[in-house]
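The values are calculated or read from the model by the stated rules, or taken from the named source; none is laboratory data. Remember, it's a predicted structure, so these values are computed and weren't measured experimentally. So basically every Cβ, Gly included, is an ideal-geometry build from the backbone, and we count neighbours across all protein chains shown. For the accessible areas, the whole protein counts, side chains as well, though only heavy atoms, and no ligand, DNA or RNA atoms are used. Shrake-Rupley method; radii C 1.70, N 1.55, O 1.52, S 1.80 Å.
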Amino acid sequence: MTGDELREKYLMFFEQKGHKRIESSPLIPHGDPTLLLTSAGMVQFKPYFTGEAVPPSPRLASCQKCFRTTDIGSVGNFKHLTFFEMLGNFSIGDYFKKEAIAWAWEFVLDWLKIPKEKLWITIFLDDDESFGYWREIGVSAERIVRCGEKDNFWGPAGETGPCGPCSEIHYDFGEQFSCGPDCSPSCGCGRFLEIWNLVFTEYYQDAQKKRTPLPRKNIDTGMGLERTATVIQGKRSFYDTDLFVPIVQKVSQLTGQKYGENEKTDKAMRIVAEHGRAVTFLITDGVIPSNEGRGYVLRRILRRAALFGRTLGLDKPFLGEVAKEVISKMGHVYPELVKNREPVLKVIGTEETRFDETLSTGLNLLNQIAEQAKGRADKKISGEEIFKLYDTYGFPAELTAEMAADNGLLVDLEGFEAEMEQQRERARAAHKFVLGEKATAVDYPSLGLPATEFVGYKRTRCKAKVLSLVVDGKTQEAASEGQQVEVVLDSTPFYAEMGGQVTDTGEIAGKQGKIAVGDVVWANGEIIVHRGKVVDGAVFLGEKVSAEVNQSRRLDIARNHTATHLLHAALRQVLGSHVHQAGSLVTPDRFRFDFTCEAPVLKEELAQIQMIVNEGIRRNLPVTKKEMPYTQAVSEGAIALFGEKYGDVVRTVRVGQAKAQISFEVCGGTHIDRTGDIGFFQIVGEGSIGSGMRRIEAVTGKGVEKLIEERFSTLEKIAHELQVPTADVESKVASVLEELSAERKRAVTLERQLSKESADSLLSQVESVRGVPVLAVSASVSNMDALRHMGDVLREKIGSGVIVLAAVWDDKPNFLAMVTPDLVAKGLNAGDIVKKVAQATGGSGGGRPQLGQGGGKDKDKLEQALKLVAQLVGEKV
Ligand code: ATP
Ligand code: MG
């Protein structure tokens with residue numbers, strides 16, 4: 001029976017028992033922040049078990065993609081994979097132990113034909129109920145083993161959740177594999193293999209580890225597909241089943257090593273095959289390599305595979321080939337593999353190449369470190385050394401630990417953690433957030449004004465009373481047309497610059513006049529001061545006015561502000577949650593977002609980030625703003641800016657529904673109500689702004705519209721100039737540039753020829769200064785190259801003499817001076833001569849005795865300057 005047949009039989013069997021077949025959920029658990037990756041079949045059903053959601057049927061069956069980080073170190077053995085498929089049947093408050101046990105037994109004996117003598121059962125210590133049911137269907141008492149909490153009590157997946165006792169079915173490979181007379185199914189030796197676990201979820205465990213009985217009892221079972229295939233195909237390991245043979249063969253083909261000949265290389269090949277498969281599934285489901293969370297798990301196994309590949313003699317990236325094999329062999333079961341083939345191969349390629357660049361040097365360093373450690377009394381690799389390997393060469397600490405253990409060495413993982421903490425500290429120290437508070441002309445607090453009520457979160461317009469009018473630094477009763485004024489109101493919808501968001505602009509209108517507000521500032525953090533100009537009539541102290549913010553500008557700002565939150569979340573998703581906001585500037589036209597990040601952001605990562613943000617926009621998620629105690633906000637996972645001072649009660653901004661939020665931040669800014677209002681998000685720039693700090697600039701909404709319009713119109717103009725359709729611009733530009741460079745070459749050749757010819761005619765202008773032949777003339781050439789060439793020709797013809805050539809290009813005079821060696825011997829110096837000549841046109845020059853050059857400023861003084869030459873020569877000889 002093939003693995004495919006086993007999967008199908010299982011699901012069919014339980015369909016016959018009234019179960020509804022449910023598709024596997026992705027490896028990234030949906031809406032469960034307590035869990036890194038899907039580790040069991042029940043994960044996607046958790047809300048049904050807890051009663052939060054209603055299942056489509058009380059009986060469900062699935063084949064679930066699982067990943068277990070805890071088993072990474074065991075991979076290569078015969079019991080554990082990181083990625084595996086878990087078959088499972090589930091009862092949501094429907095049947096319980098009796099049926100679960102009876103059906104499991106029926107499936108294993110009748111459908112899989114596993115001989116009864118090969119099977120053992122474990123149950124939880126005092127679970128006599130299960131004992132009774134197993135006995136009832138014919139299992140002998142000596143084949144039922146009672147185990148403790150560690151083996152037979154199923155804790156919750158994640159920190160909280162349903163839990164209960166369990167009962168397992170184990171396969172016995174035979175006494176020849178036994179570790180001794182005390183060997184039992186719970187033993188870790190090679191004799192027994194657990195294939196199926198039946199969990200009887202009766203309790204709910206909360207964060208304090210307290211268990212309360214569930215309103216309805218549930219069944220949650222998990223049968224390992226690969227383990228069961230191993231048993232029914234009569235093999236000893238996964239790697240000999242049809243599920244793995246093609247992948248192992250691929251590795252064998254890539255490395256040129258035969259599988260099954262040498263335990264050391266066999267194990268390395270198993271690790272490469274397993275991790276290659278797991279990596280393919282992880283990336284397919286949206287995990288991207290990073291330094292934290294799931295991304296780190298992926299990075300860790302990908303690099304572990306790369307490293308073991310090295311030991312097998314592979315010195316180039318190869319995992320993509322393994323992935324291709326996985327996709328072709330498993331794509332019919334998991335079509336998402338085929339769908340995401342190209343991006344997956346790309347991510348693998350990029351990550352592997354990146355690691356490959358430092359791998360050899362890193363390995364050398366590791367060997368060196370290991371040698372040194374061997375000589376030490378404690379035989380320990382220090383935290384600093386592990387950190388260096390991690391930080392500079394990308395060696396996951398776990399990998400270093402594993403290699404150390406192979407060499408009989410210890411590692412100081414605590415020391416490593418301390419180094420990591422220090423690095424985080426350094427990053428934190430680098431983000432100081434600046435709260436913009438601009439100076440006002442008046443000491444407002446001393447005027448005894450009350451704190452301004454800010455109503456701008458809900459409204460962009462309000463009625464208010466003028467509490468203070470300041471013109472020229474003095475409080476006034478009125479301000480009239482043309483005057484610059486500072487206004488304080490009792491309440492205002494105007495947002496004053498804070499947290500990177502720029503101020504609102506707008507209008508304050510009284511009965512007899514209007515003020516155009518151009519700036520709004522905080523005075524002492526309590527009073528909001530509006531600055532503007534009276535554009536019409538007059539405004540009076542104490543009068544009722546209407547204050548109105550420029551709404552469309554405010555909306556543009558809000559779009560950009562909400563987009564910074566989406567960007568922040570996407571950055572952390574793609575680059576890892578070590579990325580922190582360091583500052584931002586949110587304006588109506590564009591925004592910039594500064595963040596801490598050691599490594600440059602790759603092009604693909606940037607594209608991914610942009611895609612995630614736009615996906616969030618299209619989902620049109622609600623953006624909810626809520627005030628709550630700071631401690632509550634932080635305990636609910638809100639991101640707060642480091643170094644920012646917050647009051648006891650803070651305003652929070654959440655994007656998405658409370659349990660499935662994609663962003664949750666402490667923020668005082670103004671935001672839109674639904675992400676769809678942003679329209680579109682486009683990154684326009686990314687780069688470093690100092691050590692460990694990077695900046696992204698982006699536009700949204702109307703900004704994008706404008707950008708697209710500009711780009712299109714530029715493109716169209718270019719196309720028009722080039723007289724081609726826009727689609728052909730690229731190829732046309734390439735051919736024009738090619739033509740241009742050919743023409744340039746031709747021009748240079750022509751000019752050289754010309755200069756040779758004109759040299760002859762210039763010779764007639766040689767004059768004699770005290771017996772020294774001097775030629776100081778202007779020539780019509782357009783670059784220094786041609787001028788030099790002309791000089792060379794003239795010098796050869798003249799034999800002995802002083803030559804100064806001048807030519808104008810780019811509207812400026814240029815000079816070249818030459819003195820033949822015989823005259824240099826007499827004290828003449830080309831560098832000195834050209835220096836003085838160039839100076840005469842307002843420029844400068846210099847050089848060696850035989851050759852000098854210079855550039856001037858005023859081309860009108862050129863002839864005058866050339867006349868100097870004869871004089872200078874005369875003075876010297
Ligand atoms: P073990 O103690 O052998 O690690 P487990 O108690 O962790 O197993 P469960 O959590 O009960 O296993 O998972 C249910 C079933 O999934 C197991 O009976 C087994 O068939 C399969 N399984 C669990 N972990 C792995 C793994 N790392 N690789 C392959 N199959 C696994
Ligand atoms: Mg386990």
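Points to keep in mind about this one:
- The number of residues in the stretch 186-202 being more than 10 Å from ligand 1 (Cβ to nearest atom), in contact (Cβ under 8 Å) with a residue 24 or more places away in the chain and either assigned to a loop (DSSP other than H, G, I, E, B) or surrounded by 20 or more Cβ atoms within 10 Å (Cβ to Cβ) (or both) comes to 3.
- Number of positions in the stretch 50-71 that are in contact (Cβ under 8 Å) with a residue 40 or more places away in the chain, farther than 17 Å from Gly18 by Cα, of a type in the set (Ser, Thr, Tyr) and within 15 Å of ligand 1 (Cβ to nearest atom): 1
- Qualifying residue in the stretch 440-457 (condition: closer than 30 Å to Gly692 by Cα and either modelled with pLDDT under 95 or exposed (fewer than 14 other Cβ atoms within 10 Å of the Cβ) (or both)): no
- Test: residue in the stretch 32-53 that is among the acidic types (Asp, Glu), over 22 Å from His332 (Cα atoms) and over 30 Å from the mean Cα position of the chain (by Cα): yes
- Of the criteria (1) under 46 Å from the mean Cα position of the chain (by Cα); (2) within 16 Å of ligand 1 (Cβ to nearest atom); (3) more than 30 Å from Phe281 (Cβ to Cβ), which one Trp105 fails: (1)
- If you filter the stretch 216-229 down to residues that are touching a strand residue (DSSP E or B) at 6+ places or on another chain (Cβ under 9 Å) and more than 16 Å from ligand 2 (Cβ to nearest atom), you find that the one that is nearest to Ala40 (Cα to Cα) is Ile219.
- Checked against (1) within 16 Å of ligand 1 (Cβ to nearest atom); (2) more than 23 Å from Leu225 (Cβ to Cβ), Glu129 passes all but condition (1).
- Qualifying residue in the stretch 26-41 (condition: within 20 Å of Thr230 (Cα to Cα), modelled with pLDDT of 90 or more and either open to solvent by 40 Å² or more (accessible area, probe 1.4 Å) or part of a loop (DSSP other than H, G, I, E, B) (or both)): yes
Quick grid of which residues meet (1) crowded, with 24+ Cβ neighbours inside 10 Å; (2) within 32 Å of the chain's Cα centre (by Cα):
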site: Thr492; (1), (2): yes, no
site: Met498; (1), (2): no, yes
site: Gly518; (1), (2): no, no
site: Val535; (1), (2): no, no
site: Phe540; (1), (2): no, no
site: Glu543; (1), (2): no, no
site: His578; (1), (2): no, yes
site: Thr587; (1), (2): no, yes
site: Thr596; (1), (2): no, yes
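- Residue check, Thr212 more than 16 Å from ligand 2 (Cβ to nearest atom), open to solvent by less than 10 Å² (accessible area, probe 1.4 Å) and farther than 27 Å from Lys235 by Cβ: no
- The residue that is modelled with the lowest pLDDT, among those in the stretch 148-162 that are within 12 Å of ligand 1 (Cβ to nearest atom) and in a strand (DSSP E or B), is Trp154.
- Checked against the criterion of being surrounded by fewer than 18 Cβ atoms within 10 Å (Cβ to Cβ) and farther than 26 Å from Val748 by Cα, the stretch 770-788 contains one or more residues that satisfy it.
Yes or no, residue by residue, for (1) within 16 Å of ligand 2 (Cβ to nearest atom); (2) surrounded by fewer than 20 Cβ atoms within 10 Å (Cβ to Cβ); (3) under 31 Å from the mean Cα position of the chain (by Cα); (4) of a type in the set (Ser, Thr, Tyr):
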site	(1), (2), (3), (4)
Leu243	no, no, no, no
Glu274	yes, no, yes, no
Leu307	no, no, yes, no
Gly331	no, yes, yes, no
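- Segments classed as strands (runs of 3 or more DSSP E), wholly inside the stretch 757-816, with at least 2 members that are aliphatic (A, V, I, L, M): 772-778, 802-809
- Residue satisfying all of: in the stretch 309-329; under 27 Å from the mean Cα position of the chain (by Cα) and of a type in the set (Lys, Arg); surrounded by the fewest Cβ atoms within 10 Å (Cβ to Cβ) among these: Lys316
- In the stretch 676-697 there is at least one residue that is closer than 30 Å to Lys732 by Cβ and aromatic (Phe, Trp, Tyr).
- Qualifying residue in the stretch 745-767 (condition: charged (D, E, K, R), open to solvent by less than 90 Å² (accessible area, probe 1.4 Å) and closer than 30 Å to Val837 by Cβ): yes
- Members of the stretch 374-410 that are in contact with an Asp or Glu (Cβ under 8 Å, 6 or more places away or on another chain) and of a type in the set (Gly, Ala, Ser): Ser382, Gly383
- Residue within the stretch 188-206 that is aromatic (Phe, Trp, Tyr), modelled with pLDDT under 90 and under 44 Å from the mean Cα position of the chain (by Cα) present: yes
- Residues being over 14 Å from Ser57 (Cα atoms), touching a residue at least 60 places away in the same chain (Cβ under 8 Å) and not in a helix (DSSP H, G or I) - total across the stretch 5-25: 1
- Number of the condition not met by Trp134 [criteria: (1) more than 16 Å from ligand 2 (Cβ to nearest atom); (2) open to solvent by 40 Å² or more (accessible area, probe 1.4 Å); (3) in a helix (DSSP H, G or I)]: (2)
- Test for Thr70: is it farther than 14 Å from Met223 by Cα, part of a strand (DSSP E or B), among the polar types (S, T, N, Q) and within 16 Å of ligand 2 (Cβ to nearest atom): no
- No other residue among Val781, Val819, Val774 is touching a strand residue (DSSP E or B) at 6+ places or on another chain (Cβ under 8 Å) and at pLDDT below 95 apart from Val781.
- In this entry, Phe124 passes the filter for residues that are aromatic (Phe, Trp, Tyr), without any contact (Cβ under 8 Å) to a residue 60 or more places away in the chain and either touching a strand residue (DSSP E or B) at 6+ places or on another chain (Cβ under 6 Å) or buried (at least 19 other Cβ atoms within 10 Å of the Cβ) (or both).
- Filtering the stretch 73-104 to residues that are open to solvent by 10 Å² or more (accessible area, probe 1.4 Å), more than 14 Å from ligand 2 (Cβ to nearest atom) and out of contact with any strand residue (DSSP E or B) (no Cβ under 8 Å at 6 or more places or on another chain) leaves Lys98, Ala102.
- Qualifying residues in the stretch 219-241 (those that are acidic (Asp, Glu) and within 16 Å of Gly76 (Cβ to Cβ)) - the one most open to solvent (accessible area, probe 1.4 Å): Asp240
- Looking across the stretch 405-439 at every residue that is among the small types (Gly, Ala, Ser) and part of a helix (DSSP H, G or I), the one that is modelled with the lowest pLDDT is identified as Ala430.
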